[in-house]
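Colleague: One structure, pasted below without further comment.
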Amino acid sequence: MSRPLNEILAVFMDGEFVPGVMLYGLDSNADDGEPCFPYGAWPWLAGLKTFVLGGEHWRVRLWEIALPEIPSPELLWDATATTLGVLIDAGCLTAWMGLEGGFRDPPSLFLPECMSGGVVAARSASGRQWGRFGTLRPFGQLSDEDLLALRIEAQPLASAD
């Protein structure tokens, strides 16, 4: 049984969990592209925190987007798809929506034993897409098989130290 979006999608902002989403983009430290957050896709934005995580050969950009409430699945999907596209266009190999506590650094990135249940939707630079939420399909995390396919798209960075 899937849980309502407003019970699953949250970010930690100003000392408490609030409705929101976490969007990530994986690229190389050698990539100088700097994505610009698409504010127009999120007209109901309540807050934004940006982070850059990294290792010797990889970098993950994280945008934590606080919302006053979770919008309809259609609006949320449109805003998410636009934002994942911005990350891919800026040079990321993969971009995804993750859940709180569902991220692991490479070399564990997208391994099911480390991230099962932690990714909601994703895109790759090759054009592949995973996940979709809306009124016709219940919200859900990517399967372990999808995570492995996403990991392949994210190589060699997903397995870098």
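The values are calculated or read from the model by the stated rules, or taken from the named source; none is laboratory data. All values derive from a computational prediction rather than experimental measurement. No Cβ is skipped: glycine too gets one built from the backbone with ideal geometry, and neighbour counts run over all protein chains shown.
Colleague: If the requirement is being surrounded by 14 or more Cβ atoms within 10 Å (Cβ to Cβ), at pLDDT below 95 and under 18 Å from Pro156 (Cα atoms), which of these qualifies: Gly117, Gly91, Gly131? Give the derivation first.
Modeller: Details: Gly117 fails: under 18 Å from Pro156 (Cα atoms); Gly131 fails: under 18 Å from Pro156 (Cα atoms).
Matching residue, one of Gly117, Gly91, Gly131: Gly91.
Colleague: Go through the residues of segment 32-44 one by one and say whether even a single one is over 17 Å from Asp89 (Cβ atoms) and among the aliphatic types (A, V, I, L, M).
Modeller: Checked segment 32-44: no residue is over 17 Å from Asp89 (Cβ atoms) and among the aliphatic types (A, V, I, L, M).
Colleague: Across segment 3-32, what is the total count of residues that are under 18 Å from the mean Cα position of the chain (by Cα) and either in a loop (DSSP other than H, G, I, E, B) or within 13 Å of Leu157 (Cα to Cα) (or both)?
Modeller: First, pick out the residues of segment 3-32 that are under 18 Å from the mean Cα position of the chain (by Cα): 5-13, 17-28.
Applying the additional criterion that residues be either in a loop (DSSP other than H, G, I, E, B) or within 13 Å of Leu157 (Cα to Cα) (or both) yields 9, 25-28.
Qualifying residue count for the region: 5.
Colleague: Which numbered condition trips up Phe110, out of (1) at positive phi; (2) in a helix (DSSP H, G or I); (3) of a type in the set (Phe, Trp, Tyr)?
Modeller: All conditions are met except number (2).
Colleague: Let me ask something additional. Give me a count of the residues in segment 75-96 that are outside any helix (DSSP H, G or I), of a type outside the set (A, V, I, L, M, F, W, C) and either farther than 22 Å from Ser143 by Cα or free of Cβ contacts under 8 Å to residues at least 12 places away in the same chain (or both).
Modeller: Counting residues in segment 75-96 that are outside any helix (DSSP H, G or I), of a type outside the set (A, V, I, L, M, F, W, C) and either farther than 22 Å from Ser143 by Cα or free of Cβ contacts under 8 Å to residues at least 12 places away in the same chain (or both) gives 1.
Colleague: Separate question: Filter segment 54-74 for residues that are without any contact (Cβ under 8 Å) to a residue 60 or more places away in the chain and among the aliphatic types (A, V, I, L, M); which is surrounded by the most Cβ atoms within 10 Å (Cβ to Cβ)?
Modeller: Only one residue fits best here, namely Ile65.
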